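Please read the structure below before turning to the comments.
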Amino acid sequence: MSAAPRPASTGFAEARAHASRVEFGQQVRAARTVACHATDPQDRHDLLAMLGLPNPEPTPEPPPLSQALSSYVHAVAAALGVSTDGALCEVTDTATAYLALTRRWPGLPGHDLMLTWTERHGWLVAVETDPAETPVVIASLGADLTPAPALVARFVTDALAGGATAVGSPGPVAGADRRGLAERMAAHSVG
């Protein structure tokens, strides 16, 4: 007994389905190649969208801001060569970080220095004062809330060498949503 011949439309549909599977496989391989060369999640998204390629893997969720901030502050401490024993981070209605510095400022030699970060002002070098007093800000890093740890270390070195001027009350810097902050901090974190 011989098998009944299949209608031509069935053979065409099967060939088309096979070609679609092959094309999708090629697109996924191309997307993986492109994704491997992306510099960050946003670059990956932009490259894939520009080429009309599917995302081969879901973009991982960034760590929570508290975890990302802690890792970022530890990376900054490592770049500065200071102990993380004097590092504190907190995420509540505002996100803040504190790093004790081992040097003193000649303008107020009896007080310790600190490096602080807030999601509103970014990095500041300040003289520690009594808790009831406003800290004396020596320098503010400026517009980027999450610069590379090496840049923060260079900023601190310059500020302590007199390369930065006192800024009084620094104004807010351009912010980002907390998810964006966590992503950018995670990109700078150590191991």
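Of note:
- Note on the stretch 86-143: enclosed strands (runs of 3 or more DSSP E) holding 3 or more residues that are modelled with pLDDT of 90 or more are 87-91, 95-104, 112-118, 122-127.
- Answer residue from the stretch 101-159, given it is among the hydroxyl-bearing types (Ser, Thr, Tyr), out of contact with any helix residue (DSSP H, G or I) (no Cβ under 7 Å at 6 or more places or on another chain) and crowded, with 16+ Cβ neighbours inside 10 Å and is farthest from Gly180 (Cα to Cα) among those: Ser140
- Scanning the stretch 41-61 for residues that are open to solvent by 70 Å² or more (accessible area, probe 1.4 Å), within 30 Å of Asp130 (Cα to Cα) and either at pLDDT below 80 or polar (S, T, N, Q) (or both) turns up nothing.
- Residue ID - farthest from Ala126 (Cα to Cα), chosen from residues in the stretch 78-100 that are open to solvent by less than 30 Å² (accessible area, probe 1.4 Å) and under 16 Å from the mean Cα position of the chain (by Cα): Ala95
The values are calculated or read from the model by the stated rules, or taken from the named source; none is laboratory data. Remember, it's a predicted structure, so these values are computed and weren't measured experimentally. Cβ sites come from the backbone with ideal geometry, for glycine too, and all protein chains shown count toward neighbours. Side chains are part of the model used for accessible areas, which takes the heavy atoms of the whole protein and leaves out ligands, DNA and RNA. Shrake-Rupley method; radii C 1.70, N 1.55, O 1.52, S 1.80 Å.
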